[in-house]
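Reviewing the structure listed below.
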Amino acid sequence: MRLLGIETSCDDTAAAVVMDGRIAESNVLASQDEFHREYGGVVPEIASRKHVETLNAVIEAALARANRTFDDIDGVAVTCGPGLAGSLVVGVAAAQGLAYARDLPAFAINHLHGHLFANYLTDPDEPDRALPQTPFVCLVVSGGHTDLIEVQEPGRHRVIGRTLDDAAGEAYDKVARLLGLGFPGGPLLDALARDGDPRAFRFPRALMDDSTFDFSFSGLKTSVRYHLDANPEDAQTRAADVAASFQAAVVDVLCAKTLRAARALGVRTIALAGGVSANSMLRSQLRRLGEAEGLRVLVPPLAYCTDNAAMIACAAYYRGDLARVSPDELRADPNFAW
Ligand SMILES: Nc1ncnc2c1ncn2[C@@H]1O[C@H](COP(=O)(O)OP(=O)(O)OP(=O)(O)O)[C@@H](O)[C@H]1O
Ligand SMILES: [Mg+2]
């Protein structure tokens, strides 16, 4: 089954062609970073209008790169939420039009399911990449979410922990702004932290006791702000140390909770998903600590960590009838919950 995926939940315009929920024949993404940079964050109105301008060309490019036409497509999968209302409706309207015009089945996909299912994808040149074996624990860590998920089987899962305030990616972006790093902050902070000492400053690690799988990152962000208020020269002279110490606090908490969840549930596989799973320290530390406990640690290829449409087509394949709707039932749902 070959599905066309469409993703426009935030500021990336994306389309992809995915075979059997596994092989991304194409994965095309038009970034809007250059249009939001001067504002230091995503401007919803601009995001929506840029999706309108770009989406048709992105879909055509996804078909062309896969060397396919609409005649080869068996269904259309689109992100219905969560996300920005004005962004979601653009993708949903396009999917609706295509499903009607080509008489194709439509799949209404939750963006977070997409992130999780990114672990099932592989590239055409890496066909032997291992598939996740259920049950497993997945840490979905992105710009808007930090959720620990117990996956009982593909398409059946439950949230066992979530952030009580800021998402980890949001904390990265806010601390990057405090350090004057620009937009988008997460990858820039990640790069800067490589030159810093993660033990230079001791920033707080919240909710580390055994009583909860929930997270909290707003105190950490505030602690970095207080540090920089008290030592303004550190934003220039010791920015790499601040970045590395902040990152160490985030990654310590994310790894500790994910490993503790695996122990508590008795599962042997843990997986990462979402934009922050592109983070170099998180990828390496979770791998190292997980493998030391004899766990299988799955980390999606980088292109499938941040927002993309291949993960949406993949989720549709695995969710099947749970996600299948008639085209007129497709609706943007900015608060679409797990
Ligand atoms: N290398 C990295 N290190 C740390 N954070 C990163 C890295 N790369 C991306 N991020 C962060 O990931 C986030 C973007 O991820 P993603 O695109 O999945 O989020 P989103 O789609 O906006 O939110 P959500 O998926 O929760 O709706 C941003 O906060 C960004 O700073
Ligand atoms: Mg996302």
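In the context of the full protein assembly, M19 retains an accessible surface of approximately 60 Å², using a probe radius of 1.4 Å and ignoring ligands and nucleic acids. Label separation (R263 vs A292): 1.2 nm, computed from points 7 Å beyond Cα along the C-beta direction.
Going by average Cβ density within 10 Å per residue, which order do the peptides 35-47, 127-139 take, highest to lowest?
Numbers: 35-47: 14.9, 127-139: 16.8.
Final packing ranking: 127-139, 35-47.
When the Cα positions of F117, A95, N56 are compared along the charge dipole of the chain, F117 comes out farthest toward the positive end, with charges on each C-beta of Lys, Arg, Asp and Glu. Normalising the average separation of contacting C-alpha pairs (under 8 angstrom, six or more residues apart) by the number of residues puts the relative contact order of segment 1-139 at 28 percent. Approximating the spin labels as points 7 Å out from Cα along Cα→Cβ, the A57-to-V325 distance works out to 2.9 nm.
Hey, what's segment 136-300 come to in accessible area per residue, 1.4 Å probe, Å²? Walk me through the intermediate numbers first.
On the way: 6650 Å² over 165 residues.
Roughly 40 Å² per residue, with all protein chains present.
Computed from the C-beta positions of R37 and D128, the FRET efficiency with R₀ = 41 Å rounds to 0.55.
Let me check I've understood the local charge: for D214, count other residues with C-beta under 9 angstrom from its C-beta, Lys and Arg +1, Asp and Glu -1. What total comes out? Walk me through the numbers on the way to the answer.
On the way: positive: R162, K257; negative: none.
Net charge in that neighbourhood comes out at +2.
The magnitude of the dipole of the chain, with charges of +1 and -1 set on the Cβ of Lys/Arg and Asp/Glu and taken from the Cα centre, is near 780 debye. Is any residue of segment 97-126 close enough, with backbone N under 11 Å, to a label point placed 7 angstrom from the Cα of R22 along the Cα-Cβ axis, and if so, which? Taking a point 7 Å out along Cα→Cβ of R22, the residues of segment 97-126 whose backbone N falls under 11 Å are 121-122.
Only protein heavy atoms count here; on that basis, with a 1.4 Å probe, F213 has an accessible area of about 40 Å².
Of interest is the spacing of the C-alpha centroids, which for segment 1-46 and segment 285-319 amounts to 18 Å. Bridgeable lysines around K257 (alpha carbons under 23 Å apart, same-chain partners fewer than 8 residues away excluded): K174, K221. Among 250-259, 2-11, the peptide with the highest mean count of other Cβ atoms within 10 Å heads the list, and the full ranking is 2-11, 250-259. Here segment 164-301 is treated with +1 on each Lys and Arg Cβ and -1 on each Asp and Glu Cβ, and its dipole about the Cα centre works out to around 440 debye. Full extension of the chain between R156 and W338 gives 64.5 nm of extra length, using 0.36 nm per residue less the Cα-Cα distance.
Relative contact order (percent) for the chain, with alpha-carbon contacts under 8 angstrom and 6 or more residues of separation? Display every interim value, and only then the final one.
Values: 773 pairs, mean separation 88.0, N = 338.
After rounding, I find 26 percent.
Note on the chain: dipole from Cβ charges, positive end direction compared against I149, C10, L295; the farthest Cα belongs to L295. Think of each Lys and Arg Cβ as +1 and each Asp and Glu Cβ as -1; about the Cα centre, that makes the dipole of segment 1-42 roughly 220 debye. Sorting 80-88, 182-190, 230-238, 290-298 by average packing, meaning the other beta carbons within 10 Å per residue, from highest down gives 80-88, 182-190, 290-298, 230-238.
Normalising the average separation of contacting C-alpha pairs (under 8 angstrom, six or more residues apart) by the number of residues puts the relative contact order of segment 136-300 at 28 percent. From the alpha carbon centroid of segment 185-232 to that of segment 240-273 is 13 Å.
The values are calculated or read from the model by the stated rules, or taken from the named source; none is laboratory data. Keep in mind that what you see is a predicted model, and the values were worked out from it rather than measured. So basically every Cβ, Gly included, is an ideal-geometry build from the backbone, and we count neighbours across all protein chains shown. These accessible areas exclude ligands, DNA and RNA; they are computed on the full protein's heavy atoms, side chains included. Shrake-Rupley method; radii C 1.70, N 1.55, O 1.52, S 1.80 Å.
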